[in-house]
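The values are calculated or read from the model by the stated rules, or taken from the named source; none is laboratory data. Just so you know, these numbers come straight off a predicted model, no measurement behind them. Methodologically, a virtual Cβ is constructed for each residue, glycine included, from the backbone with ideal geometry; neighbour enumeration extends over all protein chains shown. Just the protein is used for accessible areas: all its heavy atoms, side chains included, with ligands, DNA and RNA removed. Shrake-Rupley method; radii C 1.70, N 1.55, O 1.52, S 1.80 Å.
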Amino acid sequence: MTQMKKSIILLLLVTYATGSAGQSMPLKDTAAPATTWDLQQCLDYANSHNNELLAKAHSVNAAILDSKAALLKLAPDITIRAEVDNYWKIPVQVFPGELVGQPSGTFVPIRMGTPWMGNYGADADLPLADLQTWQNIKLARLQQQSGQSEYHALQRSLLKNVRMAYYNVQQQMEYLDVCNRLYGNYHQIHDLISLQLNKGFTDKITFNQSATLLKTRQEAVDKAQVGLEEAYLDLRFWMGYPLNGKLTITAATTLPPLEISDYNTTQLPDYETEQLKVQVAKQQYRNAYTALYPTLHFKGSYQQLGFGDHLNFITHSPWFTVGYAGVALRLPLSAANFSNRPRNQKALWLAAATRFKHYTSEQEKKYLEEKLLLEKASRDIQRQKENIRLSEENETLSSQKINKGIIDMIQLREVQQDLYDAQAKLNEARMDFYKHFTELNYLQNQ
C-alpha cells in the first residue's frame, strides 16, 4: 500500500511538471513582433530627436528673448536706490572769508555734512525721440525672423537627408534580396555541375572554376549585407536614433511617379533665409546711420536725504525731499560717429544683395541639372530592367545546356557577370532616381 502511494505521488509530480512545461511554451510564440517604421515615422522621430535641430531651436528662443529685450528699451528706465554712508572724514568745502566777516582775500574751510548720511529714491529715464532705439528694435525682429527661417531651412535639409537615407536602406534591402536570390540560383547551377562531375561528363577543373564563381557570389551577398548595415547606420544618425539601436523599416514598393513641377524661385528652401540676410544687412546700415541723429529723453528723480551724528539718524532725524523733472537733448559729435562705419555697412548691404542674386541663379541652375539627371535615371532603370531580362534568359539557357552535359565555363562566367552587372546598375539607377527625385522636391520645398 505504501509503495502504491509513492507511485501515485510520483505520477502526479511528473504530470504537474509536464503540464507546467507545456504552459510555458506559448510565451515565446506570443512575443510582440518588431515594429516596422515607415517614412513618416522616421521623419517625425528626426523632428524631435536630431541634436542639431534641437540646438537650433534653443538659438531661436534666444533670438526671441533678444527681440523682447530690444522692445523694452522704449519703456521707462527706472532705477531704485538706497544707501547709508559713514564719513569718518567729513568733506570740506572752502568759502570766501567775507561771508563770515573775515578779511577780503581769505578763505574759510567748512565741513559739509555729518558723520552719517543716507538717501533713498528713484531715477527715471524715458526716450522721447531716439531713432536708433527704434532701428534696434527692427533689427532685433529681423534677426528673430532670420533665426526662425534658419531653423525651418535646417529642418527641411534634415528631412531631406532622412528621406534619402530611408530610400537608401530600402534599396539596399532590395539589392540584398537580389544577391541572395542570384546566389541561390547559381548554387543550383553549381549543383548541376557537381552532378555532371559525378557522372563523369565534366572534369575537376570545371567544377573548381564553378566553386570559385559560387564563392564570388557569396562575397557579393556579404558586401550587400554590409551596405545595408551602413545604410541603416546613416539613417539612425540623421534621425537622432541610438546608433546601436534596432531599427527596421518597411520594404520598398514602387518608384514614385516621374512628375516634375514648374520651377518657382520663391519655393527654394533657403529663399527666405537668404532674403532676410539682405534685410538684416540693410537694417544694420540704417542703425549705423541713425547713430548720427540727436536724441531727446525725459529725465526725473525723487530722493529722500537724511543726516545725523549717529546711525540712529534713520529713525530720529528728519528727512529732506529732493526731486526734479526735465528733458535732455544729446547730440553725438564724436569723431567715431562720423567715421566710415555707415559707408562700410552700406557696402556690406550691397554685397549681401549681390550674393542673394547669385544664390537664386545658382539654385535655378541646380534645379535644371537635377531635372535632367532624374529623367536620365528613369531611362536607365528601364534599360537595366531589359538587360536583366535578357541575362536571366541566358542563365536559364545555360542551365538547360548543363543538364545536357554541355558546359562552357567562359560563357557561363560571362552570363553570370552580365546578370550581376545589370542588377548592380539597376540598383545604382534606382538610387540615382531617388536622389534626384528627393533633391528636386527639396529645391521646391515639397
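Before moving on, here are some points about what is shown:
- All of (1) of a type in the set (Val, Ile, Thr); (2) assigned to a helix (DSSP H, G or I); (3) crowded, with 19+ Cβ neighbours inside 10 Å hold for Val226 with one exception: (3).
To keep it simple, each residue is scored yes or no on (1) touching a helix residue (DSSP H, G or I) at 6+ places or on another chain (Cβ under 7 Å); (2) within 30 Å of Leu54 (Cα to Cα); (3) not in a helix (DSSP H, G or I).
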| residue | (1), (2), (3) |
| --- | --- |
| Val94 | no, no, yes |
| Leu99 | no, no, no |
| Met117 | no, no, yes |
| Glu150 | yes, yes, no |
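- Residue in the range 344-359 that is part of a loop (DSSP other than H, G, I, E, B), modelled with pLDDT under 90 and more than 30 Å from Pro256 (Cα to Cα) present: no
- Every pair of residues 6+ apart whose Cβ atoms lie under 8 Å, when the first sits in the range 93-117 and is at negative phi and open to solvent by 70 Å² or more (accessible area, probe 1.4 Å) while the second is assigned to a helix (DSSP H, G or I) and not β-branched (Val, Ile, Thr): Pro103/Gly97; Ser104/Gly97; Ser104/Glu98; Phe107/Gly97
- Hey, Thr315 open to solvent by 80 Å² or more (accessible area, probe 1.4 Å), within 30 Å of Thr273 (Cβ to Cβ), β-branched (Val, Ile, Thr) and assigned to a helix (DSSP H, G or I) or not: no
- Looking across Pro76, Pro115, one residue alone is modelled with pLDDT of 80 or more and over 60 Å from the mean Cα position of the chain (by Cα). It is Pro115.
- Whichever residue in the range 410-421 is open to solvent by less than 30 Å² (accessible area, probe 1.4 Å) and in contact with a Leu (Cβ under 8 Å, 6 or more places away or on another chain) and, among such residues, is nearest to Ala224 (Cα to Cα): Tyr420
- Residues within the range 229-251 that are farther than 17 Å from Met431 by Cβ, open to solvent by 20 Å² or more (accessible area, probe 1.4 Å) and part of a helix (DSSP H, G or I), tallied: 2
- Here the range 81-90 is the region considered, the condition is being surrounded by 10 or more Cβ atoms within 10 Å (Cβ to Cβ) and over 60 Å from the mean Cα position of the chain (by Cα), and the residue that is modelled with the lowest pLDDT is Ile90.
- Residue check, Leu154 touching a Phe, Trp or Tyr at 6+ places or on another chain (Cβ under 6 Å) and open to solvent by 30 Å² or more (accessible area, probe 1.4 Å): no
- Among the conditions (1) free of Cβ contacts under 8 Å to residues at least 60 places away in the same chain; (2) open to solvent by less than 70 Å² (accessible area, probe 1.4 Å); (3) not aromatic (Phe, Trp, Tyr), the only one that Leu255 does not satisfy is (1).
- Conditions (1) open to solvent by 90 Å² or more (accessible area, probe 1.4 Å); (2) at pLDDT below 90; (3) closer than 27 Å to Gly118 by Cβ: number failed by Leu331: (3)
- Some residue of the range 363-379 being over 31 Å from the mean Cα position of the chain (by Cα), without any contact (Cβ under 8 Å) to a residue 60 or more places away in the chain and more than 24 Å from Tyr263 (Cβ to Cβ): no
- Going through (1) open to solvent by 80 Å² or more (accessible area, probe 1.4 Å); (2) in contact with a Gly (Cβ under 7 Å, 6 or more places away or on another chain) one by one, Ala124 falls short only on (1).
- Test for Ile78: is it on the phi < 0 side of the Ramachandran plot, of a type in the set (A, V, I, L, M), surrounded by 11 or more Cβ atoms within 10 Å (Cβ to Cβ) and not in a helix (DSSP H, G or I): yes
- If the condition is being open to solvent by less than 70 Å² (accessible area, probe 1.4 Å) and within 15 Å of Pro257 (Cα to Cα), then the range 381-390 contributes only Ile381.
- Inclusion of Ala429 among residues that are out of contact with any Phe, Trp or Tyr (no Cβ under 8 Å at 6 or more places or on another chain) and in a helix (DSSP H, G or I) is warranted.
- Of the criteria (1) over 30 Å from Thr254 (Cβ atoms); (2) out of contact with any Gly (no Cβ under 6 Å at 6 or more places or on another chain), which one Phe201 fails: (2)
- Candidates Ala211, Ala220, filtered to the one that is surrounded by 19 or more Cβ atoms within 10 Å (Cβ to Cβ) and within 54 Å of the chain's Cα centre (by Cα): Ala220
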